1. Name every residue in segment 232-243 that is without any contact (Cβ under 8 Å) to a residue 60 or more places away in the chain and aliphatic (A, V, I, L, M), in order of residue number.
2. So which helices (runs of 4 or more DSSP H) stay within segment 1-74 end to end and still have 3 or more residues that are among the hydrophobic types (A, V, I, L, M, F, W, C) and modelled with pLDDT of 80 or more?
3. Got at least one residue in segment 228-236 being at pLDDT 85 or above, more than 16 Å from the chain's Cα centre (by Cα), of a type in the set (Asp, Glu) and under 26 Å from Val68 (Cα atoms)?
4. Select, from Ser186, Ser246, Ser261, Ser205, the only residue that is under 30 Å from Leu32 (Cβ atoms) and polar (S, T, N, Q).
5. Does segment 49-80 hold any residues that are surrounded by 14 or more Cβ atoms within 10 Å (Cβ to Cβ) and free of Cβ contacts under 8 Å to residues at least 12 places away in the same chain, and which are they?
6. Check off (1) under 28 Å from Asn141 (Cα atoms); (2) touching a residue at least 12 places away in the same chain (Cβ under 8 Å) for Ile181 and give me the number that stays unchecked.
7. Can you name the residue in segment 254-293 that is under 14 Å from the mean Cα position of the chain (by Cα) and in contact (Cβ under 8 Å) with a residue 24 or more places away in the chain and, of all such residues, is nearest to Gly225 (Cα to Cα)?
8. Residue by residue through segment 16-28, note down the ones that are under 16 Å from Ser269 (Cβ atoms) and either in contact with a Pro (Cβ under 9 Å, 6 or more places away or on another chain) or without any contact (Cβ under 8 Å) to a residue 40 or more places away in the chain (or both).
Amino acid sequence: MNLRRLFLIAVPYAWLGLFFLVPFLIVFKIALSDSALSIPPYTPTLDLSGGWTSIKEFFQGLDFENFVFLTEDSLYWKSYLGSLKIASISTVLTLAVGYPIAYAMAQSADEWRPTLMMLVILPFWTSFLIRVYSWVGIISNEGLLNQLLLGMGVIDTPLQIMNTPTAVYIGIVYTYLPFMILPIYSALEKMDGSLIEAGVDLGCSKLQAFWLVTLPLSRPGMIAGCFLVFIPALGEFVIPSLLGGSKTLMIGKVLWEEFFSNRDWPVASAVAVVLLLILVIPIVLFQKNQEKAEEAGR
């Protein structure tokens, strides 16, 4: 029994070690290296044929200069702050849009719930890149939205939505909306309807019953949805690149530029390590929230 338990524990840890810890250590090692015009584009590299002397020189060549450089150049900390701002606002907007949808799904008839669930999941059947790129044809100056508003006489000149932070918010909210709806819907669906009736019988209005009963009971789903949106939105690259243009500064775009345009792998790796450390905080909070939700459900 102990061997079986040890095996069950060892398998996921081995998986995480192989596909997360090892790549992270490689990236962290590159972050401690120096940029060079070579293949690979950094030094030092480990040469085991030289024995312990080569190994000693390898470790002596590692330093934290790239991390110091990130604090000295305003581009990087501004991009981190910009990513935090856009991810936070997008999460709030996604919650404002997703909660009413999840609530309507939970209040619908049982026979309609599978259909509504399928409609929420349906966008995942299409490529993420195609779904984001389709917004270019909708919100561009010659897009469907401007053509419709111009045809109706609502506006005289096209709205400048493309290549603005507004376009990025639209793209993130649209893309990650299912990740907000599903956990909130799951929490609302499990809620006992008699609690609302009891609140109304005790003198609460429907609005008060919602505020005092429904909203607190759906809080675990709201927290889970916010983390599921905030964490990937923080490092988003495709949406700001296609919809935000050069006016939107996010760390994902900076990371791509350092890797593929500047070919400065050490600085890019340092940017990635810092981004991962920033993401660890919400991930740990999300795990603690899930543990509390599981304990409350027992």
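1. Of everything in segment 232-243, nothing turns out to be without any contact (Cβ under 8 Å) to a residue 60 or more places away in the chain and aliphatic (A, V, I, L, M).
2. Hits in segment 1-74: 2-16, 22-31, 65-72.
3. Scanning segment 228-236, I find no residue that is at pLDDT 85 or above, more than 16 Å from the chain's Cα centre (by Cα), of a type in the set (Asp, Glu) and under 26 Å from Val68 (Cα atoms), so the answer is no.
4. That would be Ser261, the only listed residue that is under 30 Å from Leu32 (Cβ atoms) and polar (S, T, N, Q).
5. Selection gives Ser54, Trp77.
6. (1)
7. The qualifying residue nearest to Gly225 (Cα to Cα) is Phe286.
8. Passing the criteria: Phe20, Leu21, Val22, Pro23, Leu25, Ile26.
The values are calculated or read from the model by the stated rules, or taken from the named source; none is laboratory data. Model, not experiment: these values are computed from the prediction. Cβ coordinates were reconstructed from backbone atoms using ideal geometry, including for glycine residues, and neighbour counts include every protein chain displayed.
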